[in-house]
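Undergrad: Please read through the structure below; I'll follow up with questions.
Read the figures in this text as sums done on the coordinates, not as results from a lab. Quantities reported herein were computed from a predicted structural model and do not represent experimental measurements. Every residue, glycine as well, gets a Cβ built from its backbone with ideal geometry; the counts of neighbours run over all protein chains shown.
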Amino acid sequence: MGEAGEDGRGAAALPRPVRLYDAARAPNPRRVRIFLAEKGITLPVRELAIMQGEHFAPEHMAKIGTHHVPALELADGTILTESVAICRYLEALTPEPPLMGRDPLEAAVIEMWQRRVEFQLFMPIGFVLRHGNPAMQVLERVQCPEWAEANRPRVLEGLNWLDRRLQTSPFIAGDEFSIADITGIVAIDFMRVIRQKIPEECSALAEWAERIHARPGCVA
Ligand SMILES: N[C@@H](CCC(=O)N[C@@H](CS)C(=O)NCC(=O)O)C(=O)O
C-alpha cells in the first residue's frame, strides 16, 4: 500500500471503498470495473436498472447526489462520482500496478491521452447513440438527431487518429498499459451500439484491441 506525501494522509488511513454503483451495459461504469480488475480489487456492486430509471429514485439521488453511474461509496459515507476521479482514488489506495503514472510527467502524459480518447472517440460515440437512437430518449430527454449525424464522421476520424497513434506506440499513452487504454477499449467495444466496427484499414488499432481484450480485466 503506498503512502501519501507529507501533506496528505497515508493511504492506509483513507476510507476504504465499500460499494460500486454500477450499470452493467453502460460504458462509464465499465471503465471503473476494468480499472478495479486490473488492480485485483473486488467490491460489492449495486446494479441499477438505468433504462427503467432506477437511478432517478429520490432515495438514490439523495444518497448519491447525482443520477450518474458509476458511483463509489466509501466506508466513511463519502460518495465519489466521475469515473476518472474514482480511478484516481483507487490508484492512491492501491498503487500497483500503476495505471495513472508513476511520476508527474507520466501522470500528465497519461491524462493527456486519456482526455484525447474521451473527446475524440468516447464522446462522439455517446452522442451518436444518445441523440440518434429514439430508445435513448428516456435518458437524454431532449434529443438532437442532427448532433448524432454530426458526430458519426467524428467517430471515424477518431478511429483513424487512434490507429495512427498505435502504429508508433504499443499502448495509447506509451510503452505501458494505462487508464487511457481502458477508456479506449471501452469506447471501441461500445461502438456496437451504433453499429460501427473498426475499419479494415485500421490494422494497428485492431491488433491493439485484440491485445487489450486478452487482458483479464478486459473481457469484451
Ligand atoms: N462524466 C461521468 C459520466 C457518467 C455518465 O454519463 N454515466 C452514464 C452511463 S455511461 C449515466 O449515468 N447515464 C444515465 C443517464 O444519463 O441518466 C463519468 O465519467 O463517470
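Undergrad: Can you quote the Å³ per residue value for the convex hull of the Cα atoms in the chain, rounded to an integer?
TA: So the per-residue hull volume is 124 Å³.
Undergrad: What does the highest-first list of 94-106, 151-163 look like by mean Cβ count within 10 Å?
TA: Descending mean neighbour count gives 151-163, 94-106.
Undergrad: Evaluate the charge dipole of the chain about its Cα centre and quote only its size in Debye, nearest 20, assuming +1 on the Cβ of each Lys and Arg and -1 on the Cβ of each Asp and Glu.
TA: With Lys and Arg at +1 and Asp and Glu at -1, about 600 debye.
Undergrad: A follow-up question, please. For the stretch 90-220, with equal point scatterers placed on the C-alpha atoms only and solvent neglected, what are the log10 I(q)/I(0) values from the Debye formula at q = 0.18 1/Å, to two decimals?
TA: So the normalised log intensities are -0.98.
Undergrad: Counting DSSP beta bridges with both partners in the chain, what percentage is antiparallel, nearest 5?
TA: 75
Undergrad: Apply the Karplus curve 6.51 cos²θ - 1.76 cosθ + 1.60, θ = phi - 60°, to the phi angles in the stretch 142-148 and return the couplings in whole Hz, x for Gly and Pro.
TA: Calculated HN-Hα couplings, in order: 9, 9, 10, x, 5, 5, 4 Hz.
Undergrad: Given 203, 122, 107, which one lies farthest toward the positive end of the charge dipole of the stretch 104-218, if we put +1 on the Cβ of every Lys and Arg and -1 on the Cβ of every Asp and Glu?
TA: With unit charges placed on the Cβ atoms, the residue in question is 122.
Undergrad: Could I ask something else about it? How many angstrom lie between the C-alpha centres of the stretch 38-83 and the stretch 145-184?
TA: For the stretch 38-83 versus the stretch 145-184, the Cα centre distance is 27 Å.
Undergrad: I've got another one for you. Under the rule of -39500 (n - 2.57) per DSSP H run of 4 or more residues, summed and divided by the residues of the chain, what mean residue ellipticity at 222 nm is obtained, to the nearest 500 deg cm²/dmol?
TA: So the calculated ellipticity at 222 nm is -15000 deg cm²/dmol.
Undergrad: Moving to a separate point now. Let me know the charge dipole size of the stretch 11-93 about its Cα centre in debye, to the nearest 20, where only the beta-carbon of Lys, Arg (+1) and Asp, Glu (-1) is charged.
TA: Dipole magnitude for the stretch 11-93 comes out near 200 debye.
Undergrad: So what is the relative contact order for the chain, in percent, with contacts set as C-alpha pairs under 8 Å and at least six apart?
TA: 20
Undergrad: State the percent of C-alpha pairs, over all pairs in the stretch 11-93, separated by a distance greater than 19 angstrom.
TA: Within the stretch 11-93, distances greater than 19 Å cover 30 percent of Cα pairs.
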